[in-house]
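The values are calculated or read from the model by the stated rules, or taken from the named source; none is laboratory data. Keep in mind that this is a model prediction, so the values were computed, not measured. Here the Cβ positions follow ideal geometry from the backbone for every residue, glycine too, while neighbour counts run over all protein chains shown. Ligands, DNA and RNA are excluded from the accessible area calculation, which covers all protein heavy atoms including side chains. Shrake-Rupley method; radii C 1.70, N 1.55, O 1.52, S 1.80 Å.
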Amino acid sequence: MTMGDRLRELRLRKSISQEEVAKQIGITRSAYSHYEINNRQPVYETLKKLAALFNVSLDYIIGGEQSAKADPQVMPEALEIIRILNSMDQDKRKQSIAKMMAVIRQAE
């Protein structure tokens, strides 16, 4: 698997666009696109940002056999909630969090 394949897989697993990845690591969408299609290689600082964004090791991104890190205490449902909250505007996010907190308090 190439580095571009790994980056694409990680991005799709996180359910975000190339534009979102680029914005979060401070590059253009075009530059990021070239990484995924193996036309360019990211510099070290960009690799570090990608590893942090995708929560994997540098070794994993560049094609090593080390698997992606997984926090055993974070359930897939929690990651989905985070993805949804991140896609909302600030007001909707605050409202949603308030509703979730109310449900949690009722369950205690």
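Of note, PRO76 does not satisfy the criterion of being over 15 Å from the mean Cα position of the chain (by Cα) and either closer than 29 Å to MET101 by Cα or modelled with pLDDT under 95 (or both). When the helices (runs of 4 or more DSSP H) confined to segment 1-71 are screened for residues that are in contact with a Phe, Trp or Tyr (Cβ under 6 Å, 6 or more places away or on another chain), open to solvent by less than 60 Å² (accessible area, probe 1.4 Å) and closer than 21 Å to ASN86 by Cβ, those reaching at least 2 such residues are found at 3-14, 18-25.
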